[in-house]
Amino acid sequence: MTSVEIEYCVPCGHLERAADLQHLLLSTFREQLDRVALVTGDGGVFVVRVDGERVFDVADEDYDPDEVVRRVRERVR
């Protein structure tokens, strides 16, 4: 099964964005995902990892939930 981790900046207030993405991923992939974990961070972080591999980092590009879903889809087993 595939595991997704969403690391988000607590002081920046990214919890709602992280929770919305978590819901979107769980709704999209359902039983194909083992888990979608929210991991607290700081320093402006908003990073998505699939099985430990970074697939999105807001430091590198603008946030687009549809693009994140596409990248997760490429790695779902």
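Can you tell me which residue is most open to solvent (accessible area, probe 1.4 Å) among those in region 22-71 that are among the aromatic types (F, W, Y) and not in a strand (DSSP E or B)?
Taking the candidates together, the pick is Y63.
So which residues in region 18-77 are of a type in the set (K, R) and farther than 11 Å from E5 by Cβ, if there are any at all?
Selection gives R30, R70, R71, R73, R75, R77.
The values are calculated or read from the model by the stated rules, or taken from the named source; none is laboratory data. These figures come from a predicted structure and were not determined experimentally. Counting neighbours? That spans all protein chains shown, and the Cβs are built from the backbone with ideal geometry, glycine included. Heavy atoms of the whole protein, side chains included, go into the accessibility calculation; ligands, DNA and RNA do not. Shrake-Rupley method; radii C 1.70, N 1.55, O 1.52, S 1.80 Å.
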